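K.L.:
Structure in C-alpha cells, see below.
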Amino acid sequence: MFCPKCGKSIDDDSIYCSHCGSAVGRPQAPASMERRETNVYAILGLVFSLIGVMVPIVTIVLSILGYAFSVAGLHVAKRLGGEGRGLAIAGIAVSVVEIIILIAVIILLALLS
Ligand SMILES: [Zn+2]
C-alpha cells in the first residue's frame with residue numbers, strides 16, 4: 001500500500017510509514033462509533049412467554065414475568081428508537097393469551113370440582 005501522507009510505498013501490514021512516520025492502516029475504531037443497543041427486556045419478555053407456552057407447569061410464573069418484561073421492553077424500545085418493539089409486542093400478546101387461557105382453565109377446574 002501507499003502512505004496517505006507522503007505517498008511512498010510501504011509494507012501492507014505496517015502501522016507507521018517508514019518514510020514520514022505518520023500512522024497508516026489499521027485505523028483505531030473511532031470511539032464515537034455507535035454501539036447498537038439491544039433491547040434485553042423485549043427479548044426476555046418474549047423468551048419467558050414462549051417458555052411458559054412450552055412448559056405448562058411454569059406458565060403461571062413465566063406468563064407474568066413475560067408480560068412484565070415485555071411491557072418494560074416496550075418502554076425501552078421507545079428510548080432506543082424502536083429497537084425490539086416487535087419482540088415486546090409479541091411478548092405481550094403471547095403472555096396475555098397465556099394468562100387468559102390460565103384463568104379459563106382455573107375457572108373450568110373450579111366449575112368441575
Ligand atoms: Zn509517509
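K.L.:
Set the Förster distance to 35 Å, then compute FRET efficiency between residue 102 and residue 80 from the Cβ-Cβ distance, nearest 0.05. Before the final figure, lay out the partial values.
P.N.:
Numbers: r = 31 Å, r/R0 = 0.88.
Step by step, r from the Cβ atoms, then E = 0.70.
K.L.:
How do 67, 16 rank when sorted from fewest to most other Cβ atoms within 10 Å of their own Cβ? Mind dumping the intermediate values first?
P.N.:
Numbers: 67 22, 16 13.
Ordered by Cβ neighbours within 10 Å, fewest first: 16, 67.
K.L.:
With +1 on the Cβ of every Lys and Arg and -1 on the Cβ of every Asp and Glu, and nothing else charged, how large is the dipole of the chain about its Cα centre, in debye rounded to the nearest 20?
P.N.:
That gives a dipole near 280 debye.
K.L.:
So how tilted is helix 40-54 from the main axis of the chain? Cα-based, degrees 0 to 90, rounded to 10.
P.N.:
Once rounded, one gets 40 degrees.
K.L.:
Continuing with this model, one more query. Taking amide hydrogens as modeled 1.01 Å from N in the peptide plane, which residues meet the under 5 Å criterion relative to residue 16, leaving out close sequence neighbours?
P.N.:
Here 24 satisfy the definition.
K.L.:
Follow-up. Once phi is turned into θ = phi - 60°, what whole-Hz ³J(HN,Hα) does the Karplus curve with 6.51, -1.76 and 1.60 give for every residue of segment 100-113, x standing for Gly and Pro?
P.N.:
Running phi through 6.51 cos²θ - 1.76 cosθ + 1.60 with θ = phi - 60° gives 5, 4, 4, 5, 4, 5, 4, 5, 4, 5, 5, 5, 7, 7 Hz.
K.L.:
Please arrange 6, 17 by counting, for each residue, the other beta carbons lying within 10 Å of its beta carbon, fewest first.
P.N.:
Values: 6 13, 17 22.
The fewest-first ordering by Cβ neighbours comes to 6, 17.
K.L.:
Which of 49, 18 has the fewest other C-beta atoms within 10 Å, and how do the rest follow up to the most?
P.N.:
Exposure proxy ranking, most exposed first: 18, 49.
K.L.:
I've got another one for you. Just to confirm the number: angle between the C-alpha axis of helix 59-79 and the first principal axis of the chain, 0 to 90 degrees, nearest 10?
P.N.:
For helix 59-79, the angle is close to 40 degrees.
Here, each number is a calculation from the coordinates, and none is a lab measurement. Predicted, not measured: the structure shown is a model, and the values here were computed from it. Don't worry about glycine lacking a Cβ; one is built from the backbone with ideal geometry, like all the others, and counts go over all protein chains shown.
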